[in-house]
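Values quoted throughout were computed directly from the atomic coordinates according to the rules given, and no laboratory measurement underlies them. Only a predicted model underlies this, so the values are computations on that prediction, with no experimental measurement involved. Cβ: placed from backbone, ideal geometry, glycine included. Neighbour counts: every protein chain shown.
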Amino acid sequence: MELDFVRIECDISADVSPQLIAGLHDGLRNFEAQFRAASCKRGGTSCISCIERIGCPYDVVFAQQLSPDPEIIRLHQKPSLPFSLYINWLNSNSLSCTAGMVIVGTAVNYLELFYSALLKMIKAYFSTGLPFSPYTLKWYSLDYLGIRYDITCSAPLSESVITLSGQHILQNTVHSGHIRLLLKSPLRLLHNGVTIHRFDFALFFRVQLRRVSSLCAYYGSGKPDLDYIGLSRDAQNVAVLEDEIIYTQSLSSKRSNGAGLTGRADCSGLIEPMFALLLLGSYFNAGKGAAFGFGFYQLEVF
């Protein structure tokens with residue numbers, strides 16, 4: 001299995017407040033429109049009748065075309081979008097927040113368009129947000145350890161970013177059976193079509209197992225070599241020691257459908273390779289709306 005991806009972040013230095021974070025998070029839904037505008041060669045005409053549609057970056061990224069392999073369709077159905085966005089705010093004392101994106105697999109071919117769309121989305125928010133707040137932007141590419149490297153205009157963007165490997169993460173992550181899960185934006189999980197209002201580690205793990213597997217199948221070179229049935233079964237035995245996760249309308253979104261699970265939980269009893277898979281999954285967010293900023297989470301070892 002191989003799944004390559006890149007991670008880019010933009011630090012936004014401004015008069016950061018919960019209202020700003022909420023506005024930026026809500027603005028992530030405009031990312032698709034910004035990407036379409038950046039891709040379109042015909043001035044935004046209807047995609048259905050467009051003669052440039054074949055090979056159009058917007059169509060390639062957002063069409064979510066089914067695989068010609070019936071086995072992949074049987075296992076994963078419609079593919080996830082090949083990117084994830086997030087807004088990260090450290091705390092109420094911070095003077096900056098971060099807008100980030102992870103671009104997966106073949107979608108990296110459209111790196112410049114992703115960069116342009118996120119930049120325009122941020123600028124669009126500040127041009128319409130009231131009252132106006134001055135701001136500065138600084139861009140970074142991140143490595144496996146989260147170390148950030150400046151992205152400047154002196155070199156092509158493709159030469160400034162670091163390509164990460166999903167296989168490398170799965171094979172080289174040092175295992176830990178004890179983790180702290182930090183849900184930084186609302187996580188929306190469904191079970192039998194019903195929204196879950198209490199955190200369930202086994203359900204969360206199965207969701208990420210399917211998400212990572214689907215991304216690998218559609219945008220990588222095949223599914224990870226994992227014991228899906230065994231891992232799903234053993235996830236039931238993971239103990240949640242401290243559960244401070246609640247279902248709430250988070251400050252990171254003002255939308256009526258922005259509610260979800262936020263907070264933190266300490267979990268113990270993870271077996272290999274659970275930690276590595278959840279670490280890889282953290283790059284791609286989790287749950288419903290993951291591509292557009294929902295289910296952004298981080299892991300800590302304790």
Compare the Cα positions of 8, 55, 199 along the charge dipole of the range 4-301 (+1 at Cβ of Lys, Arg; -1 at Cβ of Asp, Glu; about the Cα centre) and return the one farthest towards the positive end.
-> 55
Which order do 41, 184 fall in if you start with the one that has the fewest other Cβ atoms within 10 Å?
-> 41, 184
Helix-derived mean residue ellipticity, 222 nm - over the chain, DSSP H n ≥ 4, -39500 (n - 2.57), to 500 = -9500 deg cm²/dmol
For the chain, built as a Gaussian network whose Cα springs stay under 10 Å, the top-fluctuating residue of 243, 69, 143 | 69
Where a ≥ b ≥ c are the square roots of the eigenvalues of the C-alpha gyration tensor, would you call the range 147-245 rounded, which needs a/c under 1.5, or, failing that, prolate if a/b is larger than b/c, or oblate?
-> prolate
Treat every Asp and Glu Cβ in the range 4-301 as -1 and every Lys and Arg Cβ as +1, leave all other atoms uncharged, and give the resulting dipole magnitude about the Cα centre to the nearest 20 debye.
-> 920 debye
Taking the chain and dividing mean pair separation by its residue count, relative contact order in percent (alpha carbons under 8 Å, at least six apart) | 28 percent
How do 194, 212 rank when sorted from fewest to most other Cβ atoms within 10 Å of their own Cβ?
-> 194, 212
Where chymotrypsin sites (Phe, Trp or Tyr not before Pro) fall in DSSP loop in the range 121-214, at most 14 other Cβ within 10 Å = 132, 144
Mind putting a number on the dipole of the range 113-238 about its Cα centre? Charges go on the C-beta only, +1 for Lys and Arg and -1 for Asp and Glu, and I need it in Debye to the nearest 20.
-> 460 debye
Taking 122, 162 and counting other C-beta atoms within 10 Å, the order from fewest to most | 162, 122
Which of these, 145, 118, 137, has the largest mean-square fluctuation under a Gaussian network model of the chain (Cα springs below 10 Å)?
-> 145
Tally of Lys pairs whose C-alpha atoms are under 28 Å apart, taken over the chain, 8 or more apart or cross-chain | 21
Considering only the other residues whose Cβ falls under 14 Å of the Cβ of residue 10, what net charge follows from Lys and Arg at +1 and Asp and Glu at -1?
-> +2
Reference-scaled alpha-carbon Rg (2.2 N^0.38 Å with N residues) for the chain | 0.99
